[in-house]
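Reading through the structure tokens given below for one structure.
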Amino acid sequence: MKAKLNYITAAPDAFKAMMAISTYVQESGLEHNLLELVKTRASQINGCAFCIDMHVRDARAAGETEQRLQLLAAWRETELFTPRERAALAWTETLTNLDWREAETVFDFVRQYFTDEEMANLALSIGVINIWNRLNIAFGVTVAAQEIAA
């Protein structure tokens, strides 16, 4: 399936700004594996196949295990994730779903494992992947069959 619109060429300055924010987050000091788990989990929630594929591949390349990737959607049901990762995943789900009923509790949980700067950068990372998900879904960016086979 061909994308409905190429948002990169349609709004190149916006794309450059998004890339700048994405680069900032990648260089913020948060662990690369943690960021890939967050991006993958948000993309699962949003149903963005393109981003799920990209970030699962990136996570594997960074040394993430198949078992953890397969169980990411059910992270609460396993002991495979560290307390810091669990806090980041809870924050990801809260900010992606905008579940304000649990926000206070999750905020306090996350604060146990992240500094103020890390919390801000983590929230920015979650916001950025949600924007990428929405752009790719809105404009029909999909994973090509040949990419899946690779």
For segment 1-64, what does the alpha-carbon gyration tensor say about shape, rounded, prolate or oblate, given a ≥ b ≥ c as the root eigenvalues, a/c under 1.5 as rounded, and a/b over b/c as prolate?
oblate
List SER28, SER125 from most exposed to least, where exposure is judged by having the fewest other Cβ atoms within 10 Å.
SER28, SER125
Proxy exposure order for TYR7, TYR24 (fewest C-beta within 10 Å first) is TYR24, TYR7
Short version: ³J(HN,Hα) in whole Hz for each residue of segment 60-72, in order, from phi by Karplus 6.51 cos²θ - 1.76 cosθ + 1.60 (θ = phi - 60°), x for Gly and Pro, what are they?
4, 4, 8, x, 5, 7, 4, 4, 5, 5, 5, 9, 4
Looking at the chain from every direction and averaging, what is the projected area of its Cα convex hull in nm²?
9.4
How would PHE107, PHE81 line up from fewest to most surrounding beta-carbon atoms within 10 angstrom?
PHE107, PHE81
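Bear in mind these aren't lab numbers, they're just calculated from the coordinates by the rules spelled out. On a predicted model such as this, the values are computed, not experimentally measured, just so you know. Positions of Cβ are backbone-derived with ideal geometry, glycine not excepted, and every protein chain shown enters the neighbour counts.
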